[in-house]
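One structure is given below, encoded as structure tokens.
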Amino acid sequence: MDTADNGTLSIKNLSTHFFTRRGIAAAVDDVTLFIPKKSVVGVVGESGCGKSVTALSVLRLVSRPGRIVSGSVSLGGEDLLAKSPAEMRQIRGSRISMIFQEPMTSLNPVYTAGRQVMEAMMIHGGTGKAEARDRTVEMFRAVGIPEPERRFRAFPHQLSGGLRQRVMIAMAMVCRPSLMIADEPTTALDVTIEAQILHLMKELQETFGTSIMMITHNMGVVAEICDYVYVMYAGKIVEQAGVFELFDDTRHPYTLGLLGSIPRHGSPKGRLLGIPGTVPSLLDLPKGCRFSPRCDRAERYCSEREPEMYEVAPGHKVRCFHCSGGSKGGSP
Ligand SMILES: Nc1ncnc2c1ncn2[C@@H]1O[C@H](COP(=O)(O)OP(=O)(O)OP(=O)(O)O)[C@@H](O)[C@H]1O
Ligand SMILES: [Mg+2]
């Protein structure tokens, strides 16, 4: 039996739609995703696949014209979709913390870095001022900020991108959340800093036993830090597996494309170069398998019927007619 705060996140059949003037965009379409306690789970896919909307749905921060239309989200067995707005505010930043995709938009330019982290701790952690100050400096040191006492008094614009991101990570860690959602936390950073930050996150995760949802479009980041991976395409999960299995026994042509797109030394950072074509508009999805127009293995039936998720090995599922390895019912 799960304890209330054990960090296990369970998303079941979640759909989040945007009701736009031009039609309904199913940004998250029947997504089922599980993050066990103390693990790092990756959510990967190209731009516009629904990664951030999935994260915002967990935090109940989807804003109009978007709305969660069905499914369930629970943390440690507690139904998050049944919480009141006040209860959710309490949960965000204490039990779940988030590193947003744009670090500058989440730090307030008029307050010092130290004060912001300290206040986050005081609001959610119930700590007094002196203790919060000490713990903030301690956390700055833990996330590798040099001269933490001096940086405590710095304003965000006085810090480099790498340091600002570390402040964000410190802020996300101070409350010792059971779940941390990190949305492209290192995309804006150069590769050396990226490696340091990933190492730190892993270390902090091991020290505090936090579960992490790592959102990224970079398979290199996945290989570096994740235990288990969900691959998203046009609002749906198309493949899921343990990280070694995903790299070793890749099934879905889309995942293969992403793996071919690991940024190599010297290639433009954050760009996926390997898959021809683009993600379809959610307002005009292809019939059948959503990836079929870009898939070099597509047969006619791929654009007629949508494949289900098939289990191809324990813990490894794939949504593709061609990927089941023959005997497990994957053919249409
Ligand atoms: N405010 C909005 N109004 C209408 N549609 C939206 C809105 N926000 C998101 N969407 C739709 O949701 C889809 C998924 O967006 P999301 O931000 O989750 O993508 P992502 O996978 O995080 O991409 P990226 O890698 O660029 O961050 C978009 O393609 C878009 O169609
Ligand atoms: Mg995003």
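Each reported figure results from applying straightforward, stated rules to the coordinates on display, with no laboratory input. Worth saying up front: this structure is predicted, and the values here are computed from it rather than measured. Every residue, glycine as well, gets a Cβ built from its backbone with ideal geometry; the counts of neighbours run over all protein chains shown.
Worth a mention:
- Most mobile of 57, 106, 211 in a GNM of the chain (Cα contacts under 10 Å): 106
- FRET efficiency, 1/(1 + (r/R0)^6) with R0 22 Å, evaluated for residue 13 and residue 301 via beta carbons: 0.30
- Taken along its principal axes, the alpha carbon cloud of region 1-93 reaches lengths of 45, 30, 21 Å, longest axis first.
- Rounded to 10°, Cα long-axis angle of helix 129-142 versus longest principal axis of the chain: 50
- Residue of 297, 22, 319 that the Gaussian network model of the chain assigns the largest fluctuation, springs spanning Cα pairs under 10 Å: 22
- Most mobile of 185, 146, 280 in a GNM of the chain (Cα contacts under 10 Å): 146
- Sequence-distant aspartates and glutamates (8 or more away, or on other chains) whose Cα lies within less than 17 Å of residue 287: 29, 30, 296, 299, 304, 306, 308
- Fewest-first ranking of 236, 129, using other Cβ atoms within 10 Å as the exposure measure: 129, 236
- The simple spin-label model puts a point 7 Å past each Cα toward its Cβ; for residue 67 and residue 190 those points are separated by 4.8 nm.
- Fewest-first ranking of 183, 284, using other Cβ atoms within 10 Å as the exposure measure: 284, 183
- Ranked 135, 164, criterion: other C-beta atoms within 10 Å, fewest first: 135, 164
- Once the Cα-Cα distance is subtracted from the 0.36 nm per residue extended length, the residue 22 to residue 134 segment shows a gain of 35.1 nm.
- Check: the chain dipole with +1 on Lys, Arg Cβ and -1 on Asp, Glu Cβ, in debye: 840
- Per-pair calculated FRET efficiency, R0 = 25 Å: residue 123 and residue 32 via Cβ, rounded to 0.05: 0.15
- Degrees between helix 113-125 axis and first principal axis of the chain (Cα, 0 to 90, nearest 10): 80
- Helix 191-208 and the long axis of the chain differ in direction by around 80°, with both axes built from C-alpha atoms.
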